[in-house]
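Written out below as C-alpha cells is the structure these notes cover.
The values are calculated or read from the model by the stated rules, or taken from the named source; none is laboratory data. Note that the structure is predicted; figures quoted are calculated from it, not measured. Counting neighbours? That spans all protein chains shown, and the Cβs are built from the backbone with ideal geometry, glycine included. Remember, those area values only see protein heavy atoms, side chains included, never the ligands or the DNA or RNA. Shrake-Rupley method; radii C 1.70, N 1.55, O 1.52, S 1.80 Å.
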Number of protein chains: 2
Amino acid sequence: MSATVKPRYQQLKDMIIERISSGELRPADRVPSENELVELMKVSRMTANRALRELTDEGYVTRMAGRGTYVSDFRAKSHLLEVHNIADEITRRGHQHSCKVLRQSRQRSRGKIAGALHVEQGVDLFHLLLVHYENGMPIQVEDRHVVADFAPDCLSQDFRTITPSAYLTKISPLQEAEQVVRAVQPNAAVRRRLRMADDEPSLVVIRRTWSHGRPVTFARLHHPGNRYELTGHYSPPGTPKSATGNVVELEIYDHE
Amino acid sequence: MSATVKPRYQQLKDMIIERISSGELRPADRVPSENELVELMKVSRMTANRALRELTDEGYVTRMAGRGTYVSDFRAKSHLLEVHNIADEITRRGHQHSCKVLRQSRQRSRGKIAGALHVEQGVDLFHLLLVHYENGMPIQVEDRHVVADFAPDCLSQDFRTITPSAYLTKISPLQEAEQVVRAVQPNAAVRRRLRMADDEPSLVVIRRTWSHGRPVTFARLHHPGNRYELTGHYSPPGTPKSATGNVVELEIYDHE
DNA sequence: ATTGCCAAGTTGTATATACAAGCTCGACCA
DNA sequence: TGGTCGAGCTTGTATATACAACTTGGCAAT
C-alpha cells in the first residue's frame with residue numbers, strides 16, 4: 001500500500017464525512033457552501049462542487065439552489081441487500097454449478113401471470129422450470145415466465161450452459177427489477193426437487209424484471225432454508241471496498 | 001411536466017445508455033473517448049468527462065486511464081434489495097407502530113457474540129430484546145447486542161419512542177453493514193412472541209453494523225413468514241424514480 | 001532479436017471563468 | 001402599512017485550459 005495522496009476533491013469529501021460522522025455536523029445542519037470551501041480549503045469552486053455533488057449522490061447531504069447544502073437525515077436510509085445470479089454466486093464460491101431443465105415450453109398467458117407481466121390473457125409466454133445444483137446438491141428451483149416476443153429464441157437456448165438470467169440480460173441489459181423475499185413452507189414438488197427436510201422452510205425470491213418500460217420476465221426462485229441464505233454487504237458508495245474485511249460467520253441462535 | 005431541456009451531460013448519458021440498451025454497444029465494446037465526444041457532440045471535454053464518470057459510478061461502463069472506456073459486463077450486476085427500518089416501514093404503510101421492551105440490560109460479552117463484534121470475552125455489551133407491533137400484531141422480534149462504549153447511555157433510552165436502529169444512527173450515522181437473510185423454523189419463544197402458526201417459517205435478518213471501522217452492533221430480526229416479506233425495487237442510479245409505477249402484488253404459488 | 005524509449009492517445013484531476021436559475025431579505029416606494 | 005423589486009447569496013451547468021499518470025505501439029539503438 002503506497003501512501004499516494006488522495007485527490008483534492010476526495011480530501012474534501014473525507015473531511016465533511018468525518019465532521020458528520022463525529023457528530024460535529026448533525027442532520028439538517030448547514031454544510032459550508034462551495035464558495036466558503038474555496039476560501040477555507042484553498043480549492044477552486046469546481047473542485048468543491050464535485051465533492052458536494054458526489055456527497056449528494058451518496059446520500060450524505062441535500063442541496064438546494066439558492067439555499068445551500070444541508071446534512072441529510074440518515075434515519076430514512078435503507079440497508080441494501082445484493083441478490084446475486086445463482087450461477088455466478090456458486091462459481092464465486094469455487095464450486096461447480098450445474099442445471100437440469102425440467103420444462104422449456106410455450107404457453108398462453110392466463111390469470112395472475114398475465115397480470116404480473118402486463119399482458120392480455122392468451123398472449124404467448126415461455127415457461128421455464130429449472131433446478132440449479134451446487135456440487136450436485138440442488139440449491140434453487142427456478143420457475144420463470146418470459147414474454148415471448150421479447151425473447152423469441154428462448155426455446156432454442158441450452159439453459160444448462162447459460163442461465164436464463166444471463167441469457168435475458170444479454171438480450172437487453174439495462175433493466176429495472178422488483179423483488180420480494182419470503183419465507184414459506186414449500187409444496188411437495190419443490191421440497192422433493194430440493195431434497196429438503198420435512199419441516200424445512202424455503203427462502204423464496206420473486207423477481208419481476210422490466211426492460212424498455214414493460215415487464216418482460218417473472219421468476220420465482222425457491223431455495224432450501226437450511227442450505228441457502230442471502231448475504232449482502234453495504235457500504236456507502238465511494239468507500240474503499242475492503243474496509244471491513246471479509247464476511248464473517250454470523251450465527252443465528254442463542255436461547256432466549 | 002414541463003419540457004425543460006435536459007442538461008448537456010445528461011443528454012450525453014442518455015445517448016450512450018440508449019446505444020447500450022439497444023444492443024448497438026455490447027459488453028466490452030469501446031465507448032467513444034472524451035475527445036471523440038467533444039468532436040461528435042460539440043461539448044467541452046469536462047462535460048464529456050462528467051457524463052462518462054457518472055456512467056462509471058452507475059455501473060454502465062468501465063474506464064481505464066491510457067486505455068479507454070468500455071461497456072461493462074452486466075451479467076455480474078447484482079439485484080438490490082432494500083431493507084428498511086421496521087418503524088419507518090410500518091408508518092409508511094399508514095399503520096401504527098408500537099414496541100414492547102422485553103430486555104434492556106448490561107452483559108459481559110462471550111462466545112460467538114464477542115467474536116461477531118470483534119471484542120474480547122468479558123467486554124461490556126448491552127442486550128436488547130424488543131417486539132415490534134404493527135397495529136397491534138407482532139411483526140418483528142429484535143434481538144440486539146451493542147458495544148457498550150459506543151453507546152454509553154443505551155440503558156436510559158426509551159425504545160418505545162425511538163427504535164434502537166434510529167438511536168444508533170443518531171449517535172454516529174455513517175455506517176457499513178453486513179446482512180444475511182434466512183428462512184428458519186423459529187424456536188418456541190420467538191413463535192409465541194410473534195403469535196405464529198405451528199408450521200409457519202420465520203424470515204430472519206441478521207445485521208452487523210460498523211462505525212469508524214469497527215463493529216458496534218449485531219442484530220437478529222425475526223419476522224413471521226406468513227405476514228412479512230422484504231420488498232425491493234431496483235433501478236439503475238440516475239433513472240427517474242417513477243418509471244415503472246407502483247409495486248404490484250406478486251403471487252407466489254401455482255401448482256407445478 | 002531484444003531492449004529501451006519516446007510519441008500519441010487516453011483517463012484523472014485541478015483551476016479560472018462565465019452565465020443561468022433559485023432563494024432570502026431588506027430597502028424602497030406607493 | 002403593505003407590496004415590490006433588486007442585491008447578494010446559493011447551487012447548477014458549461015467551457016477552455018493545463019498538467020499528471022497510464023497504456024500502447026512503433027521506432028531506434030544496442
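Of everything in the range A:35-59 that's among the charged types (D, E, K, R) and within 8 Å of DNA strand C (Cβ to nearest atom), which residue is most open to solvent (accessible area, probe 1.4 Å)? The selected residue is A:K42. Of everything in the range A:60-84 that is in a loop (DSSP other than H, G, I, E, B) and surrounded by fewer than 16 Cβ atoms within 10 Å (Cβ to Cβ), the residue that is farthest from DNA strand C (Cβ to nearest atom) is A:D73. Out of the residues in the range B:6-29 that are in a helix (DSSP H, G or I), among the basic types (K, R) and open to solvent by 30 Å² or more (accessible area, probe 1.4 Å), state the one that is farthest from DNA strand D (Cβ to nearest atom). Residue satisfying both the conditions and the ranking: B:R19. Checked against (1) more than 15 Å from DNA strand C (Cβ to nearest atom); (2) within 11 Å of another protein chain (Cβ to nearest Cβ), A:C99 passes all but a single condition, namely (2). Out of B:R144, B:R182, B:R160, one residue alone is touching a Gly at 6+ places or on another chain (Cβ under 8 Å) and of a type outside the set (S, T, N, Q). It is B:R182. Just to be sure, is A:E229 modelled with pLDDT under 90 and among the acidic types (D, E)? Here the answer is no, as A:E229 does not meet what is asked.
Step by step: first the residues of the range B:197-238, then only those that are facing chain A (nearest Cβ under 7 Å) and among the acidic types (D, E), then the one that is most open to solvent (accessible area, probe 1.4 Å). Which residue is that? My answer is B:D199. Being more than 18 Å from the chain's Cα centre (by Cα) and facing chain B (nearest Cβ under 8 Å) is the filter here; which residues of the range A:172-196 pass it? Those that are more than 18 Å from the chain's Cα centre (by Cα) and facing chain B (nearest Cβ under 8 Å): A:A183, A:V184, A:Q185, A:N187, A:A189, A:V190. Annotation: of all residues in the range B:20-46 being farther than 17 Å from B:R67 by Cβ and acidic (D, E), the one that is modelled with the lowest pLDDT is B:E24. Please determine whether any residue of the range B:207-220 is over 27 Å from A:Q140 (Cβ atoms), of a type in the set (D, E, K, R) and not in a helix (DSSP H, G or I). Yes, some residue in the range B:207-220 is over 27 Å from A:Q140 (Cβ atoms), of a type in the set (D, E, K, R) and not in a helix (DSSP H, G or I).
Counting the residues of the range B:85-100 that are open to solvent by 40 Å² or more (accessible area, probe 1.4 Å) and touching an Asp or Glu at 6+ places or on another chain (Cβ under 6 Å) gives 1. Of the residues making up the range A:1-18, those that are basic (K, R) and under 30 Å from the mean Cα position of the chain (by Cα) number 2.
Is it true that A:I139 is out of contact with any Cys (no Cβ under 6 Å at 6 or more places or on another chain), at pLDDT below 95 and more than 9 Å from chain B (Cβ to nearest Cβ)? Spelling it out, it is not the case that A:I139 is out of contact with any Cys (no Cβ under 6 Å at 6 or more places or on another chain), at pLDDT below 95 and more than 9 Å from chain B (Cβ to nearest Cβ). Between B:S165, B:S156, the distinction of being of a type outside the set (D, E) and either open to solvent by less than 10 Å² (accessible area, probe 1.4 Å) or closer than 26 Å to A:V71 by Cα (or both) belongs to B:S165 only. Give me a count of the residues in the range A:30-55 that are without any contact (Cβ under 8 Å) to a residue 24 or more places away in the chain and either more than 7 Å from DNA strand D (Cβ to nearest atom) or over 18 Å from A:R8 (Cβ atoms) (or both). Total satisfying the criteria: 5.
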